[in-house]
Amino acid sequence: MHESVQKIKESIIEGRHKEIESLVREICKTGIDLDTVIQEGLIAAMDVVGQKFGAGELFVPEMMVSAMTMKLGLNIVKPLLTGKAGAPKGTVLMGTVKGDLHDIGKNIVIMMLEGAGFQVIDLGVDIDVEKVVAKVIEIRPQVLGLSALLTTTMPEMKRVIEELGARGLRDRVKVMVGGAPVDAAFAEKIGADGYGKDAAQAMALARSFVGL
Ligand code: B1M
């Protein structure tokens, strides 16, 4: 692995938030593929953090510092990815479902979608069904993206889809779901239109939904 990418990864795992911005800024100046920085640096670091958390080697406060460190790094990469101009390819409404505060993955998906030319309206985290439905009515997006990182919040995705159906709105918007515990079988079971394993797949799916 590129030495500086490794440094970025370690910096996030160890929560060294004071150094992350300069590290990411420096590596971006080298002309490195930004996807490598995101996948092998930023995302790979959070995978390690998750494993350590699962194994009881670190606790919520440390996990939060790592997450914050990653976000600082992402904020440096984001404008570089989304700087390309052009007419929007379509509108995507995105949010993390009710009861769930995880937003790092959602934010990466948003970055990729914006980079691909979509206008993205971010509803944030812990979004209840009513708010999602109200925003679908107000904004009329082509795509609704729902993210969940907890097995306990996955059922919220089904509730949103059911409510869209009950209000006669289901045919108006394509629903795409994603997040670490979600898979294609779950997406199919709850009646979603598609599942994105990662940000690249989510982008490809959104493009296909608008006929690109
Ligand atoms: Co939490 N957490 N967390 N956490 N956290 C997990 C998810 C967990 C797996 C850790 C573990 O036990 N190993 C576990 C869930 C277990 C389960 O449900 N089975 C867990 C837990 C238990 C919890 C708490 C309950 C802990 C506690 O308080 N006891 C608590 C819950 C809070 C809540 O939400 N109500 C909690 C809290 C937190 C923090 C706040 C500390 C922090 C979140 C900070 C933030 O997001 N702002 C946090 C973090 C950072 C994690 C881990 C370590 C990392 C998640 C992450 O950011 N991954 C995570 C362990 C892990 O996943 N490795 C863990 C990096 C990110 C880039 O990946 O989000 O998967 P991901 O996104 C990917 C794809 O999934 C996909 O594309 C992204 C980019 O490739 N994708 C989509 C995501 N959304 C998509 C949507 C799409 C398409 C693709 O279409 C719409």
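The values are calculated or read from the model by the stated rules, or taken from the named source; none is laboratory data. Remember, it's a predicted structure, so these values are computed and weren't measured experimentally. Ideal geometry is used to build each Cβ from the backbone, glycine not excepted, and the neighbour counts take in all protein chains shown. We work out accessible area using only protein heavy atoms, side chains counted, and drop any ligands, DNA or RNA first. Shrake-Rupley method; radii C 1.70, N 1.55, O 1.52, S 1.80 Å.
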Subject >> Filter result (over 15 Å from the mean Cα position of the chain (by Cα) and open to solvent by less than 30 Å² (accessible area, probe 1.4 Å)) within segment 120-153 >> reply: 129, 132, 133, 136, 141, 153
Subject >> Residue match in segment 142-153 (condition: touching an Asp or Glu at 6+ places or on another chain (Cβ under 7 Å), more than 8 Å from the ligand (Cβ to nearest atom) and outside any strand (DSSP E or B)) >> reply: no
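Take the residues in segment 176-185 that are more than 7 Å from the ligand (Cβ to nearest atom) and within 18 Å of the chain's Cα centre (by Cα); name whichever of them is farthest from residue 147 (Cα to Cα).
Taking segment 176-185 first, the residues more than 7 Å from the ligand (Cβ to nearest atom) are 182-185.
Within this subset, residues satisfying the condition of being within 18 Å of the chain's Cα centre (by Cα) are 182-184.
On the way: 182: 9, 183: 12, 184: 13 Å.
Per the stated criteria, the residue is 184.
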**OP:** Give the residue that is farthest from the ligand (Cβ to nearest atom), with candidates limited to residues of segment 53-92 that are open to solvent by less than 70 Å² (accessible area, probe 1.4 Å), in contact (Cβ under 8 Å) with a residue 12 or more places away in the chain and not in a helix (DSSP H, G or I).
**Re:** 86
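Pick from segment 21-43 the residues that are more than 9 Å from the ligand (Cβ to nearest atom) and open to solvent by less than 20 Å² (accessible area, probe 1.4 Å): which of them is farthest from residue 10 (Cα to Cα)?
Checking each candidate, the answer is 27.
Look at segment 158-171 and say how many of its residues are under 12 Å from residue 140 (Cα atoms), assigned to a helix (DSSP H, G or I) and in contact with a helix residue (DSSP H, G or I) (Cβ under 7 Å, 6 or more places away or on another chain).
Selection size over segment 158-171: 1.
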Original post:
In segment 120-131, which residues are under 25 Å from residue 39 (Cβ atoms) and assigned to a strand (DSSP E or B)?
Top reply: 120, 122
**OP:** Determine whether residue 105 is open to solvent by 30 Å² or more (accessible area, probe 1.4 Å), farther than 25 Å from residue 60 by Cα and not aliphatic (A, V, I, L, M).
**Re:** no
Subject >> From the options 99, 50, 95, 105, residue that is in a strand (DSSP E or B) and either within 8 Å of the ligand (Cβ to nearest atom) or within 13 Å of the chain's Cα centre (by Cα) (or both) >> reply: 95
Original post:
Taking segment 154-163 as the search range and keeping residues that are farther than 19 Å from residue 122 by Cβ and open to solvent by less than 80 Å² (accessible area, probe 1.4 Å), which one is nearest to the ligand (Cβ to nearest atom)?
Top reply: 154
Subject >> Among the candidates 117, 95, residue that is out of contact with any helix residue (DSSP H, G or I) (no Cβ under 6 Å at 6 or more places or on another chain), at positive phi and open to solvent by less than 40 Å² (accessible area, probe 1.4 Å) >> reply: 117
**OP:** Within segment 167-181, identify whether any single residue is at pLDDT below 95, closer than 14 Å to residue 203 by Cα and open to solvent by 50 Å² or more (accessible area, probe 1.4 Å), and answer yes or no.
**Re:** no
Original post:
In the list 187, 134, 192, which residue meets the criterion of being part of a helix (DSSP H, G or I), more than 30 Å from residue 79 (Cα to Cα) and small (Gly, Ala, Ser)?
Top reply: 187
